1. Tell me which of A:430, A:450, A:556 sits at the most positive position along the dipole axis of chain A, charges placed on C-beta atoms (Lys, Arg +1; Asp, Glu -1).
2. Each residue of the range A:20-31 in order: what ³J(HN,Hα) in whole Hz does its phi give by Karplus 6.51 cos²θ - 1.76 cosθ + 1.60, θ = phi - 60°, with x for Gly and Pro?
3. Given an 8 Å cut-off on Cα distances and at least 6 residues of separation, report the relative contact order of the range A:244-397 as a percent.
4. Mind putting together the pair-distance distribution for the range A:396-547? All Cα pairs, 10 Å bins, whole percent per bin, short to long.
5. As a test of understanding, state the convex hull volume per residue of chain A from its alpha carbons, in Å³.
6. Report, ordered by chain and residue number, the lysines lying within cross-link reach of residue A:432, taken as a straight Cα distance under 25 Å and ignoring same-chain residues fewer than 8 apart.
7. Return the sequence-ordered ³J(HN,Hα) values of the range A:552-565 in whole Hz as given by the Karplus equation 6.51 cos²θ - 1.76 cosθ + 1.60 applied to θ = phi - 60°, using x for Gly and Pro.
8. Can you run the Rg to Rh ratio on the range A:222-280? Use alpha carbon positions and the Kirkwood inverse-distance Rh.
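The values are calculated or read from the model by the stated rules, or taken from the named source; none is laboratory data. Note that the structure is predicted; figures quoted are calculated from it, not measured. So basically every Cβ, Gly included, is an ideal-geometry build from the backbone, and we count neighbours across all protein chains shown. Ligands, DNA and RNA are excluded from the accessible area calculation, which covers all protein heavy atoms including side chains. Shrake-Rupley method; radii C 1.70, N 1.55, O 1.52, S 1.80 Å.
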Amino acid sequence: MRTTQTLIATQREAPADAEVISHQLMLRAGLIRQLAAGIYTWLPLGLRVLRKVERIVREEMDRAGALEILMSGVQPAELWQESGRWDKYGPELLRLQDRHERQFCLGPTHEEIITDLIRREIRSYKQLPANYYQIQTKFRDEIRPRFGIMRAREFLMKDAYSFHLTEQSLRETYQLMYATYTRIFQRFGLEFRAVLADSGNIGGNTSHEFHVLADSGEDRIVFTDSGDFAANIELTPAPLPAQPRPAPQQTLAKVATPGLASIDEVSQSLKVTPAQCLKTLIVNGREGGLVALVLRGDHELNRVKAEKLVTVARPLSFASAARIKEHTGCSIGSLGPVALDIPVIADHSAGRLADFVCGANSDGYHYTGVNWGRDLSEPDCADLRNVVTGDVAVDGSGTLKIARGIEVGHIFQLGTVYSEKMQANVLDETGKAVTLIMGCYGIGVSRIVAAAIEQNNDEQGIIWPDAIAPYHLALIPIHMHKSQRLRDAVLPLYQQLQDAGIEVLLDDRRERPGVMFADMELIGIPHRFVFSEKGLDHGVIEYKGRRDKEITEVPITGAVAFIRAKLTVLKSNRYP
RNA sequence: CGGGGUGUAGCUCAGCUUGGUAGAGCACCACGUUCGGGACGUGGGGGUCGUAGGUUCAAAUCCUGUCACCCCGACCA
């Protein structure tokens, strides 16, 4: 492709509302344009990247024996009413009516549609297992779309659904999908990790997430060096404290702490570590009352763990400041478990503290030297906190490390949640109707484009991995319009490179070199050749990889072979 | 949905307090000079100042409504 024949829509400045780097760079590089909140148009260069991601996903799904179909983005309400999700899903489901006033929605996911299809088409156990997938636009009317493509309302997703007669068969396909996802993310050339995940409100039991590692990621994932343990922080169990609780040394004292509310303020003022303080969080209880969750001052509440407590309301919600004031007579910064007349649940490590500091349930006062069992009753303990770096893995595989990740894939063993409600069953060998067991497997195709940029960028712009770059190679001739000699060197090579299966972007604009360099770097083309009169005098052109510091001179006659050797993706990415 | 913010040229923004001819940089067009890391000069095109109403001789500017977008909190690929 020539730059004069495509749309190079680069910009020097990003719109002020683009917050994350991938959003800024996608706009500046001219990959996307915003149409409305969370809704984007893909420009030619961006679409090439999206299509490459899609293609790799498709090839590997096909290889794994999944069958591609395409389901409508618009879905009739009846099926959602049948599964019970029409009422459950809330405003995130964009509902619409046709001219006959029939209810529809824009599909945020396709469980209902596929389950309906399968229950009509598959009658016999002999047709199982089955695994169907599609790559389709989804729509979720997020309360707050943000971060550009990363969390758009409209996005492209690969979703697959498998159907089984037995749990064993489900586990086999689940394993196959796990392996397939691993291949897919390896082929992208992105640093990623698969972790155990919370199955959330989709239901089912086993579930793994695939995360692209990036410091800007919204999720925290936890793993050990051996790799034996890997999980989302949401469901990483914290180790039980190794030491028993020390014997009390201090006596209980009430000290004035006027104006001090946060753990930091209190601990600094009283000259103790945050780990020696307790923080008390009051949440709404399941029966309408209040529940106090108590953590060590240096620990953070884990919402998923808290929601698993039978006394705590789901979803977890903090009690309002007004309600807390009404109940305890103090504001949030002065709460503590002493003489608190609501149920108290302490994190294990908070339960092991002795001589600790906590709020006195009276504004401007804290207690010091507090001890469980002496100054207040022994607490009920539970695992409530997020693990921290250095905690020990409960499976004994070492100490935990924490990284940030962007969730780009999620696989679930769904079970019979949908098949039961929608009566999707087949006849087994004995002629008996058996409810289908389901798995589902998602990949955020468009999100991967953004995640790749979050992970791979520098001052100059995007740095695409070869496998998903819009073009493999940029050709930059310097002042070609003035030199017949350059044209005679560049144009035949441009042709040869394309014939060799290399995707080339030839910059034939009448621009100064600096402009061309800057644009190709911003767009993130991973390899480039520069042609100049000076180089041609010696029969060489200049090569530079996008991450390279130095330039390499390459004989023009060996240019094709040189770049083919660099592009391992040409070989490894194809399969028979 | 609650809290906050912003709407002026394709992008970044000034002008608004104190009403009086709509601006700058980048981008775009033409010509000239430049020419291996986002050149320079001259000339030019482009804006119902988000939108509706009000106050006023006069509104980008003051008032009211409304819409859009963005940021902070509860979901998710």
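1. Positive-most Cα among the choices belongs to A:556.
2. Those phi angles translate into 8, 5, 5, 5, 4, 6, 5, 6, 5, 7, x, 8 Hz.
3. On the way: 307 pairs, mean separation 47.0, N = 154.
Relative contact order comes out at 31 percent.
4. Result returned by the calculation: 9, 25, 20, 13, 13, 10, 7, 3, 0.
5. Details: hull volume 120.5 nm³, N = 576.
It is 209 Å³ per residue.
6. Leaving aside lysines fewer than 8 places away in the same chain, those within reach of residue A:432 are A:126, A:421.
7. 10, 8, 10, x, 4, 6, x, 5, 5, 4, 4, 6, 5, 5
8. Numbers: Rg = 17.4 Å, Rh = 15.3 Å.
With Rg and the Kirkwood Rh in hand, the quotient comes to 1.14.
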